[in-house]
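The values are calculated or read from the model by the stated rules, or taken from the named source; none is laboratory data. Quantities reported herein were computed from a predicted structural model and do not represent experimental measurements. Glycine gets a Cβ as well: all are built from the backbone with ideal geometry, and neighbour counts include every protein chain shown. Calculation scope for accessible area: heavy atoms of the full protein, side chains included, ligands and nucleic acids excluded. Shrake-Rupley method; radii C 1.70, N 1.55, O 1.52, S 1.80 Å.
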Amino acid sequence: MRSEERGARPAMLRATAVLAVATLVYYGLVLVGTKRWLAGGAADGLRDVAFMTGVWLVASLVAGPVFGYLGHLVRTAPAMSAAVALGLACGLLASEGWSSVQVPPWRLLALTDPFANGYVAAQAVRIQLPLLVLVWLATAHRLWRAWPCLLGAAVVAGSVGVLAWRLLGRVALMAG
């Protein structure tokens with residue numbers, strides 16, 4: 001095994017552990033802090049929470065190594081490779097927020113309902129936070145000279161991610 005791959009392994013393990021712990025904390029809080037799982041009956045609710053916990057733990061086992069390796073590349077790879085890795089990570093992280101946008105962005109400005117405005121604000125955070133992290137890391141790692149690669153990787157990964165999230169949503173609707 002090359003030394004670069006050995007150096008990536010701890011980053012991949014840490015990212016996987018962070019995602020798994022976040023999943024367990026989230027669904028633990030659903031059980032302890034809310035009563036929404038009781039809405040369809042205790043047995044069905046517990047089964048649903050257990051199933052979704054399992055689904056997201058499996059997702060953590062897939063996404064953790066991917067994001068850990070991308071993070072490792074951002075820190076250690078040459079500028080061009082680091083820029084591509086950062087763009088991929090940013091695009092993948094922002095894609096879930098983009099996939100939930102159901103109306104053209106310019107129509108969001110005309111919303112007057114407070115609930116709709118809160119929803120729009122929450123969606124904006126899910127899109128803007130990865131972009132802010134991208135700008136911060138690109139500045140910290142001096143990746144601006146490779147910005148075309150960074151931007152291209154973010155757009156490609158974001159587009160693929162949006163398609164994947166929408167496909168997953170369709171599958172969930174058909175299964176439910």
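What is the dipole size for the chain, taken about its Cα centre, with +1 at each Lys and Arg Cβ and -1 at each Asp and Glu Cβ, in debye to the nearest 20? Could the numbers behind the result be given before it?
Working: 14 positive and 6 negative charges, 60 e Å.
Roughly 300 debye, rounded to the nearest 20.
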How large is ³J(HN,Hα) for each residue in region 139-145, as worked out from phi by the Karplus curve 6.51 cos²θ - 1.76 cosθ + 1.60 (θ = phi - 60°), to whole Hz, x for Gly and Pro?
-> 6, 5, 9, 6, 9, 5, 5
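If you take the square roots of the eigenvalues of the alpha-carbon gyration tensor of the chain and sort them as a ≥ b ≥ c, do you get rounded (a/c under 1.5), prolate (a/b over b/c) or oblate?
Working: a/c = 2.29, a/b = 1.31, b/c = 1.74.
Oblate shape, in that a/c is at least 1.5 and b/c is the bigger or equal ratio.
Considering only protein heavy atoms, with the full assembly of protein chains and a 1.4 angstrom probe, order Phe67, Phe51 by accessible area, largest first. Before the final figure, lay out the partial values.
Values: Phe67 60, Phe51 135 Å².
Largest accessible area first, the residues go Phe51, Phe67.
Checking the a/c ratio against 1.5 first, then a/b against b/c, what shape does the Cα gyration tensor give for region 19-97?
Note, shape of region 19-97 comes out prolate.
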